[in-house]
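Okay, structure first, notes after.
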Amino acid sequence: MRQCNDDLTAVVVMGVSGAGKSTVAQRLASRLGWSFTEGDALHPATNVTKMASGKPLTDTDRAPWLAAVARVIGTWRSRGERGVITCSALKRAYRDKIIGDHSDVRLVNLAGSRELVAQRLAARHEHFMPASLLDSQFAALEPPGADENPITVAVDRPVAEIVESIVAVLCAPARLPPAVQPKMRGVQ
Ligand SMILES: Nc1ncnc2c1ncn2[C@@H]1O[C@H](COP(=O)(O)OP(=O)(O)OP(=O)(O)O)[C@@H](O)[C@H]1O
Ligand SMILES: [Mg+2]
């Protein structure tokens, strides 16, 4: 098996509801042999009730949830474990709270059109996120900037392909520094 990701603790899989976070993150975790945590399961019950009734969460509502996501990653780090966690993390401020300047956490951004995501949500029945919240999700979405070093993947293809394209980036061989040229004596 290829050894890779030696310096990584966690992968955070972000995106709007219905982008495929849970589906992709579970498959990615099992492909890597890492732990998996469903970030949505870390919402306080009051948030779940609010979302179920079709009301968007406020940033105050989100604070304990983001802290819980960050705690899971911190626990993996302190135990020397590795894991994949889902978190919609739509805004930069949320990602700053859960990732911040930790270089051992890599962001995967699942990107899809509103039309495709709406179709997938409509076909999914057993979940608390009503399709009516999708507009507020896209309105809130701040795609990650280049400085966040995201792995952005289009979701209009099969899950297995999405997972393999993420693994290909995570396991890419480290870039070597340019070869050091031996100095020739007497030449400046
Ligand atoms: N690449 C894909 N191709 C086809 N169907 C997909 C793909 N990815 C996810 N799905 C399906 O789309 C639906 C939404 O996926 P999923 O539940 O993983 O999204 P999510 O981002 O976790 O949403 P939420 O934030 O609401 O939990 C599911 O029914 C899932 O089976
Ligand atoms: Mg999910």
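Count of lysine pairs in the chain with Cα atoms under 25 Å apart, counting only pairs 8 or more residues apart in sequence or on different chains?
The result is 8.
Taking Rh as the Kirkwood radius computed over C-alpha pairs, what is the Stokes-Einstein D of the chain at 4 °C in a medium of viscosity 1.567 mPa s, expressed in µm² per second?
73 µm²/s
Please report the antiparallel percentage of the DSSP beta bridges confined to segment 10-170, to the nearest 5.
0 percent
Compare the peptides 104-112, 56-64, 160-168 by average per-residue count of other Cβ atoms within 10 angstrom and give them in order, highest first.
In descending order of packing, they fall as 104-112, 160-168, 56-64.
Run the numbers on the chain and let me know its relative contact order in percent, using alpha-carbon pairs under 8 Å that are six or more apart. Intermediate values should be presented prior to the final figure.
Numbers: 248 pairs, mean separation 63.8, N = 188.
Once divided by the residue count of the chain, the mean separation gives 34 percent.
Have a look at segment 1-50 and give its Rg and Dmax from the Cα atoms, expressed in angstrom.
13.4, 45
Only the coordinates and a few stated rules stand behind these numbers; no lab work does. What you see is a predicted model, and the numbers here were worked out from it, not measured in a lab. Reconstructed Cβ throughout: ideal geometry from the backbone, glycine too, with neighbour counts over all protein chains shown.
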